1. Okay, helix-only estimate at 222 nm for the chain: each DSSP H run of n ≥ 4 adds -39500 (n - 2.57), divide by all residues, round to 500 deg cm²/dmol; what do you get?
2. Most exposed first by the Cβ proxy, i.e. fewest other Cβ within 10 Å, how do Thr59, Thr130 rank?
3. For the cross-link pairs Lys111/Lys235; Lys111/Lys171; Lys171/Lys247; Lys37/Lys81, which exceed 26 Å when the distance is taken from alpha carbon to alpha carbon?
4. Once Lys and Arg get +1 and Asp and Glu get -1 on their Cβ, which of Gly263, Ala234, Gly249 lies farthest toward the positive end of the dipole of the stretch 210-271?
5. Provide Rg and Dmax in Å for the stretch 69-132, with only Cα atoms included in the calculation.
6. Restricting things to alpha carbons, tell me how big the stretch 141-202 is in terms of Rg and Dmax, in Å.
7. Distances longer than 28 Å among the Cα atoms of the chain: what percent of all pairs is that?
8. Percentage of Cα-Cα pair distances in the stretch 210-271 greater than 19 Å, rounded to whole percent?
Amino acid sequence: MLGPKIEGLPDSHPSKLNCLFNFSRLLSSVGKYAERKQLLIHTLELQRKQENKFEVAQTLQLLCKANRLLGLNAEGIQQAKEALEIYKQLNHKIKQAHCLNNLAYLLYDDKQLNAAEEAALQSINLLSDTRDQHAACESYCALGNICHFKGKSEKAIEHYETALGIASSFKWHDQLLWSHYALAELFCGQGRFNDAYAHIEHAKSHAINNTYSLGCVMELQASILFQQDRLEEAKSEALGAFGVFEKLGASKEAEACRQLLKGEEKRENEW
């Protein structure tokens, strides 16, 4: 109900841009990325009219993240590149590094692994003479993902542990959560289930006041349990995750849990 009211405000309304931006953040926190994207597109249109390059670039970054979560990698890549060019014009190194991180993740999802690795390394180089450790943490996570996909497990673990070290120093729960999540996935793929569960528990402990992230971790745990044929435990975790996503209105994630539960049900019937 609130979204249409905000969009319906006159473009000249002094609070419209702030309202669009803040409401889009709220939508993202509950996994409603398509709705967030529409609000950000509206925000971008207004900012382009005002010819504020910095704000345009910021919104382009948010849009490319939304498109990544929607699986629209090509669109997200173009937005990340446009934002990067603007920050180059403004000579803003830290923002360039953030854009390169976004680009690295999008290129990774698009299976352009060499280009993704290059973007992440460029980000780290730009950050070498800054104090923005949060962006560096994201860069190392991206490199970990790329190395994991390339089958370079030891190098991937090294990058994830570097990210964990940075995030631990600043107690960044979100970065800690996703680094532990990534390590749990990696160790599961190696059949090192005890190590995977240890990282799952760490990830859960960092899902503070973030129900959506907790749901993602629960879904991963259900998948790991399912691989071990621990079907009742897997079903319990999958149902918990499904309940989280359904309550939040995160339909894409809820459907993934539903498919996982169908697979568990089929396995039970086979038994």
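1. The per-residue figure over the chain is -27500 deg cm²/dmol.
2. Thr130, Thr59
3. Lys111/Lys235; Lys111/Lys171; Lys171/Lys247
4. Gly249
5. So, for the stretch 69-132, Rg and Dmax equal 11.5, 34 Å respectively.
6. 10.8, 31
7. For the chain, the fraction of Cα-Cα distances above 28 Å is 41 percent.
8. 22 percent
The numbers here are math on the coordinates, done by the rules we state, and not lab data. Keep in mind it's a predicted model, so treat the numbers as computed, not measured. Virtual Cβ from ideal backbone geometry, glycine too; neighbours counted across all protein chains shown.
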